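Chemist: Could you have a look at this structure, given as structure tokens, before my questions?
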Amino acid sequence: MASKNSSNESEKDVKILDGTRRDFLKQSTLLTAIALTPAPLVRAAENGWDEKIAAVYEKVPLNIEVNGVKHQLSVEPRATLLDLLREQLDLTGTKKGCDHGQCGACTVHVDGHRINSCLTLGVMVSGKKITTIEGLAKGDQLHPMQEAFLKHDGFQCGYCTPGQIMSAVACIREGHANSETEIREYMSGNICRCGAYPNIVNAIQEVKDGGQTV
């Protein structure tokens with residue numbers, strides 16, 4: 001029995017030593033890598049310059065039409081359409097809400113179809129026509145859906161309103177505004193945290209029943 005216990009204890013000691021040795025090697029490798037990294041690169045990483053430098057070299061050309069205006073841009077392949085619109089074209093009407101495609105605040109139209117711009121890469125819309133909330137009105141003349149939202153008080157804080165209006169227009173164009181139930185179903189991807197849903201539905205119904213061109 002004594003010899004068996006001694007054998008077990010020896011095996012445990014070996015395992016412990018092996019685990020310690022592995023940890024030691026990992027730490028030594030990491031420390032060596034840090035020590036060998038040139039100081040300028042370390043400072044660049046700390047200041048975020050490595051990302052900025054990489055972004056310059058990674059940019060690709062992009063041709064798109066936004067609200068009837070053609071643009072020739074240079075964008076990062078990983079940049080979303082939402083960020084492109086807001087940061088490069090200064091079209092800030094399209095809002096960044098959840099940034100995960102769950103709230104609908106970033107809804108825009110691409111070739112007439114509504115999408116969540118936060119889930120769409122800019123490079124994916126090359127050669128396509130984009131319409132944002134800024135492109136609905138004709139000069140000082142509001143779009144019928146914008147007028148209806150004002151009339152029915154379809155907003156409170158207003159943050160979700162651009163996305164709500166873009167989806168509302170698409171909802172009618174898609175033929176999904178034939179009843180209150182249908183409107184609620186096909187507008188469910190747009191969240192209003194203020195709870196103005198009844199007013200939004202009323203606005204959409206008025207535009208639909210009025211037969212106005214959207």
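The values are calculated or read from the model by the stated rules, or taken from the named source; none is laboratory data. Here the structure is a predicted model, which is why all the values come from computation and not from measurement. Positions of Cβ are generated from backbone atoms using ideal geometry, with glycine treated the same way; all protein chains shown enter the neighbour counts.
Chemist: Check off (1) without any contact (Cβ under 8 Å) to a residue 40 or more places away in the chain; (2) closer than 11 Å to M145 by Cβ for S167 and give me the number that stays unchecked.
Modeler: (1)
One line per residue, one yes/no per condition, for (1) buried (at least 16 other Cβ atoms within 10 Å of the Cβ); (2) within 17 Å of E65 (Cα to Cα):
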| position | (1), (2) |
| --- | --- |
| G112 | no, yes |
| N116 | yes, no |
| G122 | yes, yes |
| G127 | no, yes |
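Chemist: Within region 81-93, track down each residue that is of a type in the set (S, T, N, Q) and either more than 21 Å from T161 (Cβ to Cβ) or out of contact with any helix residue (DSSP H, G or I) (no Cβ under 7 Å at 6 or more places or on another chain) (or both).
Modeler: Q88
Chemist: Pick from region 135-155 the residues that are touching a helix residue (DSSP H, G or I) at 6+ places or on another chain (Cβ under 9 Å) and acidic (D, E): which of them is nearest to C103 (Cα to Cα)?
Modeler: The selected residue is D153.
Chemist: Looking at (1) under 21 Å from V66 (Cβ atoms); (2) out of contact with any helix residue (DSSP H, G or I) (no Cβ under 7 Å at 6 or more places or on another chain), which one does P198 not meet, given that it meets all the others?
Modeler: (1)
Chemist: Just checking, does region 138-156 include any residue being out of contact with any Cys (no Cβ under 9 Å at 6 or more places or on another chain), closer than 24 Å to G195 by Cβ, surrounded by 17 or more Cβ atoms within 10 Å (Cβ to Cβ) and not assigned by TED's automatic domain parsing to the domain that holds E206?
Modeler: No.
Chemist: Pull up region 87-110, narrow it to residues that are under 13 Å from I130 (Cα atoms) and surrounded by 18 or more Cβ atoms within 10 Å (Cβ to Cβ), then point me to the one that is nearest to the chain's Cα centre (by Cα).
Modeler: So the residue we want is C106.
Chemist: If you don't mind, there's one more thing I want to ask. If I filter region 174-188 for residues that are over 19 Å from I133 (Cβ atoms) and among the basic types (K, R), do I get at least one hit?
Modeler: Yes, region 174-188 has at least one match.
Chemist: A further question follows. Does I200 qualify as being among the aliphatic types (A, V, I, L, M) and assigned to a loop (DSSP other than H, G, I, E, B)?
Modeler: no
Chemist: Quick check: is even one residue across region 64-81 at pLDDT 95 or above and closer than 28 Å to G195 by Cα?
Modeler: yes
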